[in-house]
């Protein structure tokens, strides 16, 4: 026990040294924030953030520590640095592009506004909602679009297509893009505008409005027929650690029928199953396994999401019937294998999953 106590004391001393170094790092981060304030430089430098994460991974690898550990630590240090710097740096006026966010008072609209503001762009908001904003709010979409270099539509899927034509007419030279989760209802208008020479593209951030770090996040940029518009959209995010996935817009919704549609559907099935079971969530969580707790984190997030948005994601995807057919067939197949006296049926199901994922990492 004396030997164990001695080791624990050394661990305590090491922890103190680690936190002293973290404190020193944050003091240096605040000094950088002071310099940024004087220079009117952007708060976030996504290129530097990516370099910090890469450096941490390489250091860990050299020391025999998992790279993922270094990545996680670096991301938390960056978060803390952003916090201490943000208290010292006022919003930038910006001197690059004037970016109009239509629907800018919604959750993702606010994310775009903050992102482009700290990048040094001038942000203007258009929204039917009435609430305070740190950015200039324009009530007339046509007027605001006519003065913009970039217009981003963060509006409901069902109302975005007609807005595209309004913006294109008002801002013939602007880069125009939507951020909708589904593209099928927009494709005819986006294709028409692209064929007429308008700089239109379509993006889909595969992360939510609470995202602070872009490391490990994906951004889809869809080609609607105007290559220069795609490139301009990519350039707006190039100096970040986000992973950019470029694809033809026709491919988008087929992928989303699984990435979004099936994921949402299976989690809705999960909480509806629990509701039918009648056991309170608190009681289930008190005896949760590792898998159940992981599942519940996602299921709870889905249950608390915007129901109208999730309805549109299910209802408007032209691949939805095929996706539901596969879910139904898979559930029937699982039920049959589970009740069968022949275990090989169930083993084959599990084997098929292992073979499908192979060496794929989902970290």
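The values are calculated or read from the model by the stated rules, or taken from the named source; none is laboratory data. Predicted, not measured: the structure shown is a model, and the values here were computed from it. A quick note on method: Cβ atoms are made from the backbone with ideal geometry, for glycine too, and the neighbour counts reach across all protein chains shown.
Some observations on this one:
- Candidates 346, 271, 292, filtered to the one that is surrounded by 12 or more Cβ atoms within 10 Å (Cβ to Cβ), in contact with a helix residue (DSSP H, G or I) (Cβ under 6 Å, 6 or more places away or on another chain) and more than 30 Å from residue 106 (Cα to Cα): 346
- A single member of 80, 56, 50 is in contact (Cβ under 8 Å) with a residue 60 or more places away in the chain, surrounded by 13 or more Cβ atoms within 10 Å (Cβ to Cβ) and on the phi < 0 side of the Ramachandran plot, and it is 50.
- Any hit, region 113-123, residues being surrounded by fewer than 19 Cβ atoms within 10 Å (Cβ to Cβ) and over 25 Å from residue 33 (Cα atoms): no
- Filter result for residue 32 (under 23 Å from residue 212 (Cα atoms), touching a helix residue (DSSP H, G or I) at 6+ places or on another chain (Cβ under 8 Å), surrounded by 15 or more Cβ atoms within 10 Å (Cβ to Cβ) and assigned by TED's automatic domain parsing to the domain that holds residue 81): yes
- Where helices (runs of 4 or more DSSP H) sit wholly within region 221-280, those with at least 3 residues that are at pLDDT below 95 occupy 227-237.
- Any hit, region 159-173, residues being in contact (Cβ under 8 Å) with a residue 60 or more places away in the chain, closer than 14 Å to residue 249 by Cβ and out of contact with any strand residue (DSSP E or B) (no Cβ under 6 Å at 6 or more places or on another chain): no
- Test: residue 301 is touching a strand residue (DSSP E or B) at 6+ places or on another chain (Cβ under 7 Å) and exposed (fewer than 14 other Cβ atoms within 10 Å of the Cβ): no
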